[in-house]
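Computed from the coordinates by the stated procedures, all read-outs in this text should not be read as laboratory data. The model shown is predicted, which means the values in this text are computed figures rather than measured ones. In this analysis, Cβ positions are derived from the backbone assuming ideal geometry, glycine residues included, and neighbour counts consider all displayed protein chains.
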């Protein structure tokens, strides 16, 4: 606003003053601050309007960020289904008698049924000595040899530096010869115990050439486990058998030579169910947030910051299309609905748990193909759509966020420029109105002087 226009505003204000509606009168001056605010009210209103617009843009940016985060979570849920080494490749092994044989399966296991007969368990070789009255009773000097399996024998020497059971146990353990030595106590006193660190025949311990005052007794001979898997006799040095059934580890618990145990390997439908439910939950979060932006009541209330955002409507349409995706054939398992995942009226999804469980149990391979087919699978298609929507720098939402940010930055500059100009005008007008105020306050004195001059003329 120019100084001329400001003075015009002042003239109008003074006219109001003369009619009794203003805040000044001759002799008392004017409220300078109030007059300045009045003169600049229009420009301040323009700044306020821009600030309001920027607040709206900030709300839009925050909402876009929230939806983008929800989409990233959805993408993670999709990857869990798309990953060829993920949950849909997981296998689970079950045993008809886990007390005899327990079983676990890796993703490399092949579904099937196996018969296991456990004849005997692998044992761990051990020796013990005669009892001494205390663990610190002196042992006569001498030597003995310890041989583990087919390894070379190791000589253990007893002398004045290790002639107690505790010291001798430390000496043996420090030699790392394949046995663990310890001092045990029973009702007869203290004994040195040697236990092989390896089970089965390869860990069988032999004591020979003993010239010490100790005598050694063999408690357990190291023997291999004996089992029959699918009719094939197996000998295992360990009770954990992992190289007989591909991808399956058998943990032997007890012998049962007359009662075969059945081990079944099947796809892990529990993990698959969890992953599908996670997908539904993540999608419902996204689509629910998007829907809330457009939920406007008949009276115009409701809606969100992105109510008029056409880009978000495009996102909504693409998501609905991706979740409706179908493939041909595949034994009738062609879309989400065919496995028990259905659309609700608002575009969210719900899971028919009974149908999903039944389909996974009876036709897992078809469900896996629907979700994971690298050419036209559901998960691959949805992943592509999510990249188109939420890809950094190129996705619909990313470009939308860039546009909002750019507009907000432009408004910031406009507001800053207008505020700077307003401060200059405020300073100028304050000077002008201060001069007017001084003049108005001096008018009575001027009038008195003129009156006196006129009187003297008479």
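Before moving on, here are some points about what is shown:
- Expected-Rg normalisation [2.2 N^0.38 Å, Cα atoms] applied to the range 126-220: 0.99
- Each helix, a run of at least 4 DSSP H residues, gives -39500 (n - 2.57); summed and divided by the residues of the chain, these come to -16500 deg cm²/dmol at 222 nm.
- Shape call, the range 356-400: gyration tensor on alpha carbons, a/c limit 1.5: prolate
- Helix 396-457 axis versus longest C-alpha principal axis of the chain: approximately 30°, rounded to the nearest ten.
- Crossing angle, helix 378-390 versus the chain [Cα axis fit, 0-90 degrees, rounded to tens]: 30
- In terms of its C-alpha gyration tensor, the range 314-394 comes out oblate, because a/c is 1.5 or above while a/b does not outweigh b/c.
- Relative contact order, percent, the range 178-317 [alpha-carbon distance under 8 Å, six or more residues apart]: 10
- Proxy reagent accessibility, fewest Cβ within 10 Å first, across 159, 309: 159, 309
- Prolate/oblate/rounded call for the chain, Cα gyration tensor, a/c under 1.5 rounded: oblate
- Take every pair of alpha-carbon atoms less than 8 Å apart whose residues are at least six positions apart; their mean separation over the length of the range 126-220 yields a relative contact order of 44 percent.
- Helix axis angle, 3-18 relative to the chain longest principal axis, alpha carbon, degrees: 70
- Relative contact order for the chain: 22 percent, from Cα pairs under 8 Å spaced at least 6 residues apart, divided by residue count.
- Extending 7 Å from Cα along the Cβ direction at residue 159 and again at residue 98 yields two label points whose distance is 5.5 nm.
- Taking 0.36 nm per residue of sequence separation and removing the Cα-Cα distance, the residue 314/residue 420 pair yields an extension gain of 34.1 nm.
- In plain terms, the residue of 289, 63, 307 with the fewest other Cβ atoms within 10 Å comes first and the most crowded comes last, giving 307, 289, 63.
- Going from the residue with the fewest nearby Cβ atoms within 10 Å to the one with the most, 349, 168 rank 349, 168.
- Span from the the range 387-458 Cα centroid across to the the range 142-205 one, whole angstrom: 95
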